[in-house]
1. For segment 120-224, which chymotrypsin sites (Phe, Trp or Tyr not before Pro) pass both filters: DSSP loop (anything but H, G, I, E, B) and at most 11 other C-beta atoms within 10 Å?
2. Would you tally the net charge around residue 277, using a Cβ to Cβ cut-off of less than 15 Å, leaving residue 277 out, and scoring K and R as +1, D and E as -1?
3. What is the local net charge at residue 91, summed over the other residues whose Cβ is closer than 14 Å to its Cβ (Lys, Arg +1; Asp, Glu -1)?
4. Using DSSP to call loops (not H, G, I, E or B), can you name the GluC sites (Glu not before Pro) in segment 149-248 whose Cβ has at most 11 other Cβ atoms within 10 angstrom?
5. Using 0.36 nm per residue, how much length does the chain from residue 104 to residue 117 gain when fully extended, once their Cα-Cα distance is taken away?
6. Arrange the peptides 230-237, 267-274 so that the one whose residues have, on average, the most other Cβ atoms within 10 Å appears first.
7. What pairs in 47/83; 222/272; 139/272; 151/235; 96/222; 139/249 have C-alpha atoms more than 32 Å from each other?
8. In whole angstrom, note down how far apart the Cα centers of segment 67-107 and segment 279-295 are.
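Only the coordinates and a few stated rules stand behind these numbers; no lab work does. Everything numeric here is computed off the predicted structure, so don't read it as measured data. FYI the Cβ positions are ideal-geometry reconstructions off the backbone, even for glycines, and counts take in every protein chain you see.
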Amino acid sequence: MAAAEAQTPAPDWKQALKSRLEAVASQKVSKATGQELKDNEMDLFTKYYIEWRGGRKKNNQSYRSIPRFYYRLPAEGEILLQKLREESRAVFLQRKSRELLDNEELQNLWFLLDKHQTPPLIGEEAMIHYENLLEVKEKAGQKCKQFFAAKIFAKPLHNDPYGRISIMQFFNYVMRKVWLHQTRIGLSLYDVAGQGYLRESDLENYILELIPTLPQLDSLEKSFYSFYVCTAVRKFFFFLDPLRTGKIKIQDILACSFLDDLLELRDEELSKESQESNWFSAPSALRVYGQYLNLDKDHNEMLSKEELSRYGTGTLTGMCLDRVFQECLTYHV
């Protein structure tokens, strides 16, 4: 038995190990080759795709003349994109605000216009020629240059024999433009969507924060603010949102006279007659509120058709009341 064991050849461990290592190495080479092929394939695809896309743009001239007009809004879950958008809008509005003329610059502009007026006077109204206006342009500063275009000078130019315009008319134009831009920026701060329109809640926040800046509304109690805001917002949406979309363009708000009437309440010396005719004044809001309370006989803060039928002298017809309730249901304030 010992002789048999001696005759059995011992395994060649060196050769077996070498074969095993060569097999593993060959497998790695084959895997690496497969990955390399995939990488090469992706590189070729990227190369040809870029060439195809670039060639398509070159062939189609519309890519050069039509700018990009659609930018996707961030979704609710994209918090970082939303914050980036909000911060970008805030920086943009701040930059636009710095481009506007402040009170000191407006006073300096008036001083320069008065200094460069062109004689003779028409009554007590000072006039200025375009050549003198260009001299004012050079001295007024960079912010004012946008107001000295020839087409702006031509608008108030009428029948003056010397080819002049009224200094007061020109200065009022500048003041109006500055006010419009300031108001546009102020309204845009409440434009949550950043799409150039205000929803009902946005406009409510704007008016609510505007109330303390209006001296003519100092007599209103804070408990009355909610009804006042509702009264003011309803007028904007009734006239400027006829399709009941729930939003109003900021451009439409600026174009109508409602905002002028509202901001007129900044005048501390506003006459009683002007207040009575102004829908947004405190007397007007209190009058509407009093009429509402008188109609609400059951004191449930709602108006039924029967209660509304007693409005005024009771001349509202049944058909009129039906249409009112079909179009706009009364709701809690």
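1. 162
2. -3
3. +3
4. Passing both the DSSP loop test and the Cβ count: 221.
5. Residue separation times 0.36 nm, minus the Cα-Cα distance, leaves 2.7 nm.
6. Averaged packing, sorted descending, gives the order 230-237, 267-274.
7. Flagged as over cut-off: 47/83; 139/272; 151/235; 96/222; 139/249.
8. Cα centroid to Cα centroid, the span is 38 Å.
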